[in-house]
Amino acid sequence: MSASLPSAFEFLDVPVEVAARRLIGCELVTTSGPRVRVRIVETEAYDQEDPASHTFRGPTPRNAAMFLSAGHLYVYQSHGIHFCCNVVTGRADHGSGVLIRGAEPLDGADVMQARRGRGGVELTNGPGKLGQALGVDLTFTGSALDGSAERSLLLVPREETPAHLIEVGRRVGISKAADLPRRFYLRGNPYVSRHHGAPRPSRS
């Protein structure tokens, strides 16, 4: 693992809620195996001051990647089955990251369908579904999202999505700090995992 900040990801060296908004519209691309490309449409923000975050109690061997600098990948396994992708944000040694909850397929839908065993919005409208569609596992964690690692993803920055197109609501599937408005999603996009949760327009 490298703690250095790839210059392409300086736009993520910001408070995690800002980074979560900025990631809407960015793309993830596989760097090995069949090409798959998706556009991020739903995110959730977590950091070490947040009791719902994996980093709340400090660094451990499991969450060490979240204490790297912005532009790294943190992968965790949910319920022993699903692999979930998180983009690390902020400075090194501050545990913060953005869970990618939903993405819209752009290239490689046939590959994703073969991995998922189903098509349509079910390909990538949830963090575990997305991880499976991208072929991600725990060996990806800690890798830089600049395409340099053998097993990683490439994060492609795009022009920032206008604030009026981003909805804000409560995070999904957590019990601690559940009311914090730290979930962000692209209004009206069918690949958003859930469209409820006290949404309101973003003010950023």
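Go through segment 79-98 residue by residue and tally those that are touching a helix residue (DSSP H, G or I) at 6+ places or on another chain (Cβ under 6 Å) and over 15 Å from Val18 (Cβ atoms).
So the answer is 6.
Name the residue that is nearest to Ile100 (Cα to Cα), counting only residues in segment 53-66 that are open to solvent by 20 Å² or more (accessible area, probe 1.4 Å) and touching a residue at least 40 places away in the same chain (Cβ under 8 Å).
Residue satisfying both the conditions and the ranking: His54.
What single numbered condition from (1) touching an Asp or Glu at 6+ places or on another chain (Cβ under 9 Å); (2) over 17 Å from Arg62 (Cα atoms) fails to hold for Val98?
(2)
For the subset of segment 71-86 comprising residues that are assigned to a loop (DSSP other than H, G, I, E, B) and out of contact with any Pro (no Cβ under 9 Å at 6 or more places or on another chain), which member is nearest to Gly135 (Cα to Cα)?
Ile81
Has segment 142-152 got any residue that is open to solvent by less than 30 Å² (accessible area, probe 1.4 Å), at pLDDT 95 or above and within 12 Å of the chain's Cα centre (by Cα)?
yes
Of the numbered conditions (1) over 19 Å from Leu153 (Cβ atoms); (2) in a loop (DSSP other than H, G, I, E, B), Pro34 satisfies every one except a single condition; which is it?
(1)
Take Glu160 and tell me if it is outside any strand (DSSP E or B), farther than 17 Å from Ser69 by Cβ, touching a helix residue (DSSP H, G or I) at 6+ places or on another chain (Cβ under 8 Å) and not basic (Lys, Arg).
yes
Only one of Val111, Val121, Val136, Val87 is under 14 Å from the mean Cα position of the chain (by Cα), within 14 Å of Val38 (Cβ to Cβ), among the β-branched types (Val, Ile, Thr) and surrounded by fewer than 24 Cβ atoms within 10 Å (Cβ to Cβ); which?
Step by step, each of Val111, Val121, Val136, Val87 is checked, and only Val136 is under 14 Å from the mean Cα position of the chain (by Cα), within 14 Å of Val38 (Cβ to Cβ), among the β-branched types (Val, Ile, Thr) and surrounded by fewer than 24 Cβ atoms within 10 Å (Cβ to Cβ).
Residue check, Ala103 against (1) over 21 Å from Gly169 (Cβ atoms); (2) part of a strand (DSSP E or B); (3) small (Gly, Ala, Ser), all met but one. Which one?
Only one criterion is unmet by Ala103, namely (1).
In segment 108-123, is there at least one residue being part of a strand (DSSP E or B) and at pLDDT below 95?
Scanning segment 108-123, I find no residue that is part of a strand (DSSP E or B) and at pLDDT below 95, so the answer is no.
Does Glu42 satisfy the criteria of being open to solvent by less than 30 Å² (accessible area, probe 1.4 Å), touching a strand residue (DSSP E or B) at 6+ places or on another chain (Cβ under 7 Å) and charged (D, E, K, R)?
For Glu42, the condition - open to solvent by less than 30 Å² (accessible area, probe 1.4 Å), touching a strand residue (DSSP E or B) at 6+ places or on another chain (Cβ under 7 Å) and charged (D, E, K, R) - is met.
Please enumerate the residues belonging to segment 164-204 that are at pLDDT 95 or above, open to solvent by less than 90 Å² (accessible area, probe 1.4 Å), outside any loop (DSSP other than H, G, I, E, B) and farther than 14 Å from Glu44 by Cα.
Answer for segment 164-204, where residues must be at pLDDT 95 or above, open to solvent by less than 90 Å² (accessible area, probe 1.4 Å), outside any loop (DSSP other than H, G, I, E, B) and farther than 14 Å from Glu44 by Cα: just Leu165.
Working carefully through the options Arg101, Arg22, Arg91, Arg39, find the one that is among the charged types (D, E, K, R), touching a residue at least 12 places away in the same chain (Cβ under 8 Å) and farther than 20 Å from Asn189 by Cα.
Result of the check over Arg101, Arg22, Arg91, Arg39: Arg91.
Name every residue in segment 127-145 that is in contact (Cβ under 8 Å) with a residue 60 or more places away in the chain and in contact with a helix residue (DSSP H, G or I) (Cβ under 6 Å, 6 or more places away or on another chain), in order of residue number.
Ala133, Thr141, Gly142
The values are calculated or read from the model by the stated rules, or taken from the named source; none is laboratory data. These numbers were taken from a predicted model, which means no experiment stands behind them. So basically every Cβ, Gly included, is an ideal-geometry build from the backbone, and we count neighbours across all protein chains shown. SASA here: full protein model, heavy atoms, side chains in, ligands and nucleic acids out. Shrake-Rupley method; radii C 1.70, N 1.55, O 1.52, S 1.80 Å.
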